[in-house]
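Below is one structure; the comments refer to it alone.
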Amino acid sequence: MKLCWFNENKLGVVDDGLVFDVSAALQSLPAPRYPASPGDLAIANLDTLRSAIDKALPTARSHPLGAVRLLSPVANPGKIIGVPVNYQKHVEEAAADVATFTARQTGSVLEQGFFLKAGSSLIGCGQAVHIAMPERLTHHEIELAAIIGKKAKNVSESEALSCIAGYSIALDMTVRGAEDRSLRKSLDTYSVLGPWLVTADEIADPQTLSLRLRVNGKDRQVANTSEMILYIAEQVAWASRFYTLEPGDIIMTGTCEGVGPIIPGDIMQADIESIGSMDVRVIGEATA
Ligand code: MN
C-alpha cells in the first residue's frame, strides 16, 4: 500500500495515478494525549489504520495525483537519522574533492557513524526546497529512506528489517562546509520525503533497488542500493545500539556518487525502483 499525506493534512492511498482520500480512517487512531507517547501516532498504529483504510477505500473520493500537494508521508517523526558516505564511489568522490567536502571527517560510514537531522527541516515533494543561504553551496543527495515501524533497541541484524514499516525516497539536502552535519543538513526544507510511503510488504528486498536523481532532466546520480557499504539491516541494528528507535523515525540510508549543486529554479527529479518518482522544485533568491 502506498500511503501519503496531502493538501491540508488529508490521509491518502495512492493507486494507479489517483489519490484516494481515506481521512475517515484516522478515526481509528487513539486520541492524542499529553504528554504524547514517543513516535508518530499513525505509524505506531499502522496495522489498525490499514484495517480502517481497507473499510474506507470503497467509498473514498479520488483525485488525480497531479492535482494534489503531497506532504511528508511521515507527519511527526521523532528523529531523522542520517547515514553518511555509505557508497564506495561517494567515499572516493568526497576524498578527491577536499575543497568541497572538507577533510575534517574522513573515511566511510564505518569510521564516521550516524548523525541526526532536525525534524523542522522535513517537507514533502509538493513543497519546495528553499535556498536560504545563496552564498553557500547546496548539494542534492538522493537516498532510500527506511521508516521505523516499532520500538526497537539492540535489535539483531536478522530482526532489523522486521522493524521497518515502509520505504520512501529521501533528499538529504546539504550545505557544504566545515560545520557539523547536524547543522548543515537541517535548514528548513532540507529533508524531503516522498512521494509516499510504500509499506514494507511491497518491497521484497530493499538492497536491490535502482535509484536515480536528475536535475532539469540531466542525470546526476545513478546507482543501486546493492552498492551500499552498510546495508539497511546493519544500519538499524547499529543505530539501535545507540538510539531507541521509535515508530516514524526516518533513516536516510546514504547517498551515492554524483552529488552536486542546485540553485533556485532547478527541478530535482528523483526515482527509486518499486517506490516511484517525484519532482521537487528549488526556490529562493539567486546569488548576486
Ligand atoms: Mn546523506
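The values are calculated or read from the model by the stated rules, or taken from the named source; none is laboratory data. Being a predicted model, the structure only gives us computed values, none of them experimental. Cβ placement follows ideal geometry from the backbone for every residue including glycine, while neighbour counts extend to all protein chains displayed. Please note that ligands, DNA and RNA were not included when accessible areas were found on the heavy atoms of the full protein model with its side chains. Shrake-Rupley method; radii C 1.70, N 1.55, O 1.52, S 1.80 Å.
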_Suppose only helical runs count, i.e. DSSP H with n ≥ 4. What mean residue ellipticity at 222 nm does that imply for the chain under -39500 (n - 2.57) per run, divided by all residues and rounded to the nearest 500 deg cm²/dmol?_
-4000 deg cm²/dmol
*For the chain, with only Lys/Arg (+1) and Asp/Glu (-1) charged at the beta-carbon, what is the dipole magnitude about the Cα centre, in debye rounded to 20?*
680 debye
*Quick one: how many lysine pairs in the chain have C-alpha atoms under 17 angstrom apart, if they're 8 or more apart or on different chains?*
9
*Remind me, relative contact order of region 80-283 in percent, using alpha carbon pairs under 8 angstrom and six or more residues apart?*
33 percent
*Principal-axis tilt of helix 46-56 within the chain, Cα atoms, nearest 10 degrees*: 50 degrees
*asked:* I'd like to compare 204-211, 49-56: which one has the highest average count of other Cβ atoms within 10 Å, and what's the full order after that?
replied: 49-56, 204-211
*When ranked by the protection proxy of mean other Cβ atoms within 10 Å per residue, highest first, what sequence do the peptides 179-188, 225-234 form?*
225-234, 179-188
*On alpha-carbon atoms, Rg over Rh for region 2-67 using Kirkwood Rh?*
1.00
*Using amide H atoms built 1.01 Å from N in the peptide plane, name the residues 5+ places from residue 166, or on other chains, whose amide H lies under 5 Å from its own.*
147, 200
*Angle between the Cα long axis of helix 232-242 and the longest principal axis of the chain, 0 to 90 degrees, nearest 10?*
90 degrees
*Given a 1.4 Å probe, how much area per residue of the chain is accessible, in Å²?*
44 Å²
*Quarter of Cα convex hull surface for the chain, i.e. mean projection, nm²*: 14.8 nm²
_Dimensionless Rg ratio for region 55-175, taking C-alpha atoms and the 2.2 N^0.38 Å reference_ = 1.32
*asked:* Taking a virtual spin label 7 Å from the Cα of residue 96 along the C-beta vector, which residues in region 227-244 bring their backbone nitrogen under 11 Å of it?
replied: none
